[in-house]
Amino acid sequence: MTGAHRRLASALSGAAIAVLAAGLTTAHAAAPRSVPQGAEVTALAFDGASRTLLKTTADALYRSVDQGRDWTRLPLPAAARRGHIAAVAVSARGKGVLYLAGPGIGVLRSDDGGQHWSPRNQGLPGREVVALAAHADQPGTLYAYVSSHGIYRSENGGGHWRLMDRGPRTDILQLIHSNMPGSMQTGWFFAATAKGVSRSMDCFCGWRDAGGLGRGVRAVAYDPGQPRRVYAATGEGLFLSTNGGEQWVRVNAPAAKVVALAVTRSGALYAAAPDGALFRSVDQARTWEAAGA
Amino acid sequence: MRNVRTFSALALLGLATTAHGGESVSANARHLDTGHRVYRAQCGACHGAQGEGAARWERPDGQGELPPPPHDSRGHTWKHGDGMLYRIVRDGWRDPFNKTERLTMPAFGPTLAPRDIRAVIDYLKTLWTPAQRRFQREESRRMPYPPEAR
């Protein structure tokens with residue numbers, strides 16, 4: 001806790017602290033976010049159970065069952081048009097449960113692979129959900145980051161949310177949960193922020209800068225087959241860590257700018273460029289090919 | 001003076017249960033006194049006499065080890081359920097990214113009785129805010145003390 005936080009915490013008396021739930025002290029001001037335009041990809045995800053690739057833009061969700069060659073646009077409810085889509089998450093162990101989230105939208109859930117959706121916002125302080133992560137192993141557990149508030153957890157598939165932590169000092173742009181070993185609890189978070197990658201165990205017992213990348217990170221992804229292997233897309237190229245974010249090395253990027261990443265169960269890495277172009281690497285970002293080509 | 005403090009801490013903890021609990025209140029007061037005693041003898045040297053933690057506890061030190069964190073309201077001890085706290089104290093812990101292999105948080109299982117481990121953890125709860133205690137109580141539902149400590 002910083003001095004300012006401490007001062008605020010001690011200035012608040014019981015009732016006010018209770019409102020802040022669990023002594024989660026201050027909210028930090030939300031950084032202004034640019035709204036992605038048109039076809040710009042905002043998120044990628046891979047559903048291992050159905051071997052489906054998912055891709056979002058600010059206003060649409062697409063799926064591909066042939067490694068990105070053909071895409072089908074999925075129907076979305078009116079609620080998805082109240083903001084812009086920033087995240088898509090697949091429930092652990094599949095069964096077609098998907099989640100969508102974004103500022104203005106809150107959280108939406110589908111139980112049938114994206115054909116029907118319903119809102120899942122009970123317990124959230126608003127709809128400004130900027131990041132969403134599904135637990136790597138527990139099907140009902142999800143984490144939503146609400147700007148100016150913090151990270152909320154649901155353990156019943158979005159049925160109810162509870163404030164867990166205010167998050168790292170720098171706003172989260174994207175959040176993933178990983179089952180990398182070594183956690184005190186059940187896994188780890190990696191958060192893409194404007195200052196690098198932030199890492200915490202999922203007991204929320206301390207965010208630390210992971211590996212001192214020292215530059216804005218737009219997307220982060222880990223390899224489910226080798227969870228210590230983490231990728232980070234920055235404004236200045238793509239980085240790989242093979243030790244859970246302790247050190248990073250620059251690897252080949254398929255495009256000048258990468259805005260979203262996903263890794264399949266077999267370790268294939270997908271990267272999206274702002275214009276929607278999608279690339280695939282099966283050798284840990286040594287070489288790339290256009291996806292679906 | 002200390003009894004007054006202990007009593008209000010008990011009330012906050014919801015340990016001072018019933019009206020006819022004169023006896024259970026004093027049993028709980030004894031429990032927390034035990035916890036405080038264990039804390040002073042076994043924990044304070046590293047975590048600070050008041051649970052304030054090491055000075056620069058949020059970053060690894062010169063040896064690449066995370067220093068002892070605070071146990072008061074500024075730390076994150078209150079984020080863990082009872083079962084997790086019990087395991088940490090019994091089995092010890094080191095951050096997996098520490099540059100050394102040793103257990104920086106020693107295992108007290110070999111030297112402290114289960115009820116003493118529980119007592120020291122319950123004592124730590126008196127250092128938290130009411131909201132933190134509520135949060136931790138909620139987490140403890142999924143992660144209660146193990147049978148050996150009940």
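The values are calculated or read from the model by the stated rules, or taken from the named source; none is laboratory data. Being a predicted model, the structure only gives us computed values, none of them experimental. All Cβ positions, glycine included, derive from the backbone under ideal geometry; neighbour counts span all protein chains shown. Side chains are part of the model used for accessible areas, which takes the heavy atoms of the whole protein and leaves out ligands, DNA and RNA. Shrake-Rupley method; radii C 1.70, N 1.55, O 1.52, S 1.80 Å.
Pairs please, first residue from the stretch A:244-267 and free of Cβ contacts under 8 Å to residues at least 24 places away in the same chain, second anywhere and crowded, with 22+ Cβ neighbours inside 10 Å, Cβ atoms under 7 Å, 6+ apart in sequence or on different chains.
Listed by first residue and then by second, the contacts come to A:Val249/A:Phe239; A:Arg250/A:Phe239.
For residues that are within 13 Å of chain B (Cβ to nearest Cβ) and open to solvent by 10 Å² or more (accessible area, probe 1.4 Å), tally how many sit in the stretch A:206-222.
The initial filter retains those residues of the stretch A:206-222 that are within 13 Å of chain B (Cβ to nearest Cβ), namely A:206-212.
This time we only want the ones that are open to solvent by 10 Å² or more (accessible area, probe 1.4 Å), so: A:206-209, A:211-212.
Count: 6.
Given the conditions (1) open to solvent by 10 Å² or more (accessible area, probe 1.4 Å); (2) closer than 30 Å to B:Arg137 by Cα; (3) within 14 Å of chain B (Cβ to nearest Cβ); (4) in contact (Cβ under 8 Å) with a residue 40 or more places away in the chain, and given that A:Ile176 satisfies all but one, which numbered condition is not satisfied?
(3)
So, in the stretch A:68-99, exactly how many residues are within 20 Å of A:Ala134 (Cα to Cα) and among the hydroxyl-bearing types (Ser, Thr, Tyr)?
Number satisfying all stated conditions: 2.
Quick grid of which residues meet (1) over 13 Å from the mean Cα position of the chain (by Cα); (2) surrounded by fewer than 22 Cβ atoms within 10 Å (Cβ to Cβ):
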{"position": "B:Thr77", "(1), (2)": "no, no"}
{"position": "B:Pro130", "(1), (2)": "yes, yes"}
{"position": "B:Arg141", "(1), (2)": "yes, yes"}
{"position": "B:Tyr145", "(1), (2)": "no, yes"}
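Report, by residue number, each residue of the stretch B:84-127 that is among the small types (Gly, Ala, Ser) and surrounded by fewer than 19 Cβ atoms within 10 Å (Cβ to Cβ).
B:Gly92, B:Ala107, B:Gly109, B:Ala113
Just to be sure, is B:Gly64 farther than 29 Å from A:Arg169 by Cβ, at pLDDT 95 or above and within 13 Å of another protein chain (Cβ to nearest Cβ)?
No, not satisfied.
Between residues in the stretch B:46-57 that are in contact (Cβ under 8 Å) with a residue 60 or more places away in the chain and residues that are open to solvent by less than 30 Å² (accessible area, probe 1.4 Å) and assigned to a helix (DSSP H, G or I), which pairs lie under 9 Å by C-beta distance while being six or more apart or on different chains?
As it stands, the answer is B:Gln50/B:Gly44; B:Gly51/B:Tyr39; B:Gly51/B:Cys43; B:Gly51/B:Gly44; B:Gly51/B:Thr77; B:Gly51/B:Leu124, since those pairs meet every condition given.
Looking at B:Gly81 and the list (1) crowded, with 19+ Cβ neighbours inside 10 Å; (2) over 11 Å from the mean Cα position of the chain (by Cα); (3) within 14 Å of chain A (Cβ to nearest Cβ), which single condition is not satisfied?
For B:Gly81, the failing item is (2).
List the residue pairs whose Cβ atoms are under 6 Å apart, where the first residue sits in the stretch A:147-168 and is surrounded by fewer than 22 Cβ atoms within 10 Å (Cβ to Cβ), the second is among the β-branched types (Val, Ile, Thr) and at pLDDT 95 or above, and the two are 6 or more positions apart or on different chains.
Once the first residue is surrounded by fewer than 22 Cβ atoms within 10 Å (Cβ to Cβ) and sits in the stretch A:147-168, its partners that are among the β-branched types (Val, Ile, Thr) and at pLDDT 95 or above give A:Ser147/A:Val130; A:Glu155/A:Thr141; A:Met164/A:Ile151.
Residues to consider are B:His31, B:His36, B:His71; find the one that is under 18 Å from B:Phe108 (Cβ atoms), part of a loop (DSSP other than H, G, I, E, B) and touching a residue at least 40 places away in the same chain (Cβ under 8 Å).
None of the others qualify; the one that does is B:His71.
How many residues, within the stretch A:56-106, are small (Gly, Ala, Ser), farther than 18 Å from A:Val146 by Cα and not in a loop (DSSP other than H, G, I, E, B)?
Adding up the residues that qualify gives 3.
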